[in-house]
Amino acid sequence: MTTGLVESPPKRGPVTHRPNGPVLPPPPPTGGGDGPEREPSPRPPALDNLRLAVLFLIGGESVFFAALISALFVLRLGQPLWPPPFQPRLPVGVTGVNTLVLLASSVTMVCALRALARGEEVVLVKRLVLTAGLGALFLLVQGYEWARLIGYGLTVSAGAYGATFYTLIGAHALHVFGALVWLSVTLVLAARGRFRHGRTAPVKACAMFWHFVVGLWPILYVAVRVRLRRPVVQLAVPEPRPGAVHSRRRHRDRARAECPIRPARVRDPPRRARRRGRRP
């Protein structure tokens, strides 16, 4: 009679238990090494949350202004004359110079971003001050033009011409004022040294919105102030056929033959007789 050997179970080490289960193994190392199966090292995102939010804001504002410009063109095509008669004409020369002022502010903003990338805080503050000054000058010139146009009689209640002008230009001026307030806050933070250790997202987000309001203005300038000439449509007058004159003469001769007696013409009395009330 043979007896089998029973092996004892292997001994296990102590297991540390936690409320959520046993301890997990450590994660494998990532990055480093020169092998073909190496994993890429973590990189910062190409677009931070602040600039992404500004992009969504710019998209919504673009749709808003596109709707206003479309409504303007619908009104212009529905009017026989644009601008309507007896309405003051919009200044083109002064507004053109003011457009160059606003475009120059966008250039100074680009210079400010370059100074920020190089770490030159003093240059950054100077460029931001210059940008804010140009934006404020643009708004002052706009306000002066509005005061003159209101004095000439162009108001919101003057008709579709005044309503569309003040709606479009007023909406843009409001956006420029908001961007100017944002730029002023960014300027104060830059003067206090808040953007020293790589914190450049607030300045870049402010620059994005500023470039948006600057790039929008030339489109509004062309849509509102430039008078587009409509093509003159000339209607083609058909030339008479060679036999049309003879056919009219034939019908006239036939009518005379059917009615040989003509009614006598009644002549008007002379002017002196009418004044005296007597018969001629």
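Candidates GLY59, GLY133, ILE169 compared by Cα position along the dipole of the stretch 49-225: farthest toward the positive end lies GLY133, with charges placed on Cβ. Could you please report the charge total around ALA205, scoring K, R as +1 and D, E as -1 over all other residues with beta-carbon less than 11 angstrom from its beta-carbon? Around ALA205, the surrounding residues sum to +1. In terms of packing, defined here as the mean over residues of other Cβ atoms within 10 angstrom, the peptides 174-180, 104-110 line up highest first as 104-110, 174-180.
Only Lys, Arg, Asp and Glu carry charge here, each on its Cβ (+1 for the first two, -1 for the last two); on that basis the stretch 49-225 has a dipole of about 500 debye about its Cα centre. Our Cα-only numbers for the stretch 49-225 put the radius of gyration and Dmax at 18.3, 61 Å. Working note: Karplus 6.51/-1.76/1.60 with θ = phi - 60° gives the stretch 191-207 the couplings 5, 8, x, 7, 10, 8, 9, x, 8, 9, 4, x, 5, 5, 5, 5, 5 Hz, where Gly and Pro are set to x.
Between TRP217, TRP82, LEU183, the Cα set farthest toward the positive side of the dipole of the stretch 49-225 (charges on each charged residue's Cβ, about the Cα centre) is that of LEU183.
Each value in this text was obtained by applying a stated rule to the coordinates, not by laboratory testing. Model, not experiment: these values are computed from the prediction. Counting neighbours? That spans all protein chains shown, and the Cβs are built from the backbone with ideal geometry, glycine included.
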